[in-house]
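Notes for the one structure printed next.
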Amino acid sequence: MNVIIKCHEALGTAFITVEALPMQVITGNLQLSLPIIDWQALSKPEQETQVQQLINQKTQEPFDLSQVPLLQVIILKLSSTEYVVIFTMHHIISDPWSTAVIIREIVALYPAFADGKPCALPELPIQYADFAVWQRQWLKREVLQNHLAYWKQKLGATLPVLKLPYVQNQVATPSNQAGVQTFNLSAELTQALKIVSRQEKATLFMTMVAALKTFLYRYTGQDEIVIRIDVANRNRGET
C-alpha cells in the first residue's frame, strides 16, 4: 500500500482552504498503518455479521479533508487462509476507475513481496494534479463558453419524463429513489451482441444502451428518452 501511495500523489493529498480557496497539500512520505483484527475465534455467522457491521461503520465515518490519509485500510483475519481487507477512501482522491488501478497494482506487488523479491511500480508520466492544472488552464474563455452553451442547449429545456404504462399513482414531483434489476445473458447471446457491435463500429456498452432505449420506446412510444450515465471523464491514457 505504501508503494502504491508513493506512486500516486492523489492518495497522499489533503485539501485545505487558503484565503477562501481550496488548495492541495501533497505529503510525499506518507506511511499508512494497516491494523490487523483477529476474528478467528468467532463463528462463521458471527464473522459475517461483524464484517458487515464494520463495513457499515466505516462508510459512515467522516473524513477531515485537511488531514492525510484520506484512505484507511483494515485487515480482518478470519482464519489462517481467509482474510477480508476493507478499503475506505474519500471520493475526492479516488473513484471506481482509480480503485480498479489500486487493486491491479496490489495484485502485481503482493506475490513479489510475499516471495521476498524487490518490486516497484513504473513512474507515472504525469500525476493527476498535473492533468487537473492543464485542464483548468485549457477550460477558459471561448472553450468554456462553448461547452456551457452546448449543455445549456441540451439540458436547458424541460427534459422528457418517461411515462411507463404500468406506473401507478404518478406523483407531480418525482423522487431520486431507484431500484436495481439484475439478469444474466447467455454466452451465445453475449457473443452475438459483440459481433453486432463490431459490425456497427460500436462498443458493447453502446449496443446495450441502444437496446435499452429501444425497449423503453416499445413500452412508452416516446421519441426522446433520457438515460443518465456515469462517466469517469478520462480520455487520456496517462490518467
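The values are calculated or read from the model by the stated rules, or taken from the named source; none is laboratory data. Predicted model only: the values in this text are computed from it and were never measured. In this analysis, Cβ positions are derived from the backbone assuming ideal geometry, glycine residues included, and neighbour counts consider all displayed protein chains.
Residue-level check: of (1) of a type in the set (D, E, K, R); (2) at pLDDT below 95; (3) outside any loop (DSSP other than H, G, I, E, B), Glu48 misses just (2).
Touching a residue at least 40 places away in the same chain (Cβ under 8 Å) and of a type in the set (S, T, N, Q) - does that describe any residue in the range 92-105? Yes, there is a match, as at least one residue in the range 92-105 is touching a residue at least 40 places away in the same chain (Cβ under 8 Å) and of a type in the set (S, T, N, Q).
Kindly state which helices (runs of 4 or more DSSP H) lie completely within the range 76-167 and contain at least 1 residues that are touching a Cys at 6+ places or on another chain (Cβ under 8 Å) and not assigned by TED's automatic domain parsing to the domain that holds Thr220.
Numbers: elements: 96-114, 128-138, 141-155.
Of the helices (runs of 4 or more DSSP H) lying wholly inside the range 76-167, those with at least 1 residues that are touching a Cys at 6+ places or on another chain (Cβ under 8 Å) and not assigned by TED's automatic domain parsing to the domain that holds Thr220 span 96-114.
Just one of the listed residues (Ile75, Ile5, Ile37, Ile55) is under 26 Å from Arg136 (Cα atoms), of a type in the set (Val, Ile, Thr) and in contact with a strand residue (DSSP E or B) (Cβ under 9 Å, 6 or more places away or on another chain), and it is Ile5. Quick one: in the range 175-192, of everything that is of a type outside the set (A, V, I, L, M, F, W, C) and not in a loop (DSSP other than H, G, I, E, B), which residue is farthest from Arg228 (Cα to Cα)? Checking each candidate, the answer is Glu188. Determine, yes or no, whether Gly12 is of a type in the set (Gly, Ala, Ser) and surrounded by 14 or more Cβ atoms within 10 Å (Cβ to Cβ). Yes, satisfied.
Residues are listed down the side, and each one gets a yes or a no for (1) within 30 Å of Gln60 (Cβ to Cβ); (2) aliphatic (A, V, I, L, M):
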| position | (1), (2) |
| --- | --- |
| Ile86 | yes, yes |
| His91 | yes, no |
| Ala100 | yes, yes |
| Ala129 | yes, yes |
| Leu139 | no, yes |
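When Leu78 is tested against (1) surrounded by fewer than 16 Cβ atoms within 10 Å (Cβ to Cβ); (2) in contact (Cβ under 8 Å) with a residue 12 or more places away in the chain, just one condition goes unmet, and that condition is (1). Condition first: at pLDDT 95 or above and either surrounded by 13 or more Cβ atoms within 10 Å (Cβ to Cβ) or more than 20 Å from Ile4 (Cβ to Cβ) (or both). Can you find one or more residues in the range 110-121 that meet it? Taking every residue of the range 110-121 in turn, none turns out to be at pLDDT 95 or above and either surrounded by 13 or more Cβ atoms within 10 Å (Cβ to Cβ) or more than 20 Å from Ile4 (Cβ to Cβ) (or both).
Test Val84 against the criterion of being surrounded by fewer than 13 Cβ atoms within 10 Å (Cβ to Cβ) and on the phi < 0 side of the Ramachandran plot, and give yes or no. Considered against the rule, which asks whether it is surrounded by fewer than 13 Cβ atoms within 10 Å (Cβ to Cβ) and on the phi < 0 side of the Ramachandran plot, Val84 comes out as no. Residues in the range 213-237 that are surrounded by 12 or more Cβ atoms within 10 Å (Cβ to Cβ) and either in a helix (DSSP H, G or I) or free of Cβ contacts under 8 Å to residues at least 60 places away in the same chain (or both): Lys213, Leu216, Tyr217, Tyr219, Thr220.
Just one residue in the set Ile16, Ile55, Ile26 is modelled with pLDDT of 95 or more and either small (Gly, Ala, Ser) or within 30 Å of Val133 (Cβ to Cβ) (or both); that residue is Ile16.
Being of a type in the set (Val, Ile, Thr), touching a Ser or Thr at 6+ places or on another chain (Cβ under 8 Å) and closer than 24 Å to Thr27 by Cβ holds for only one residue in Ile103, Ile126, and it is Ile126.
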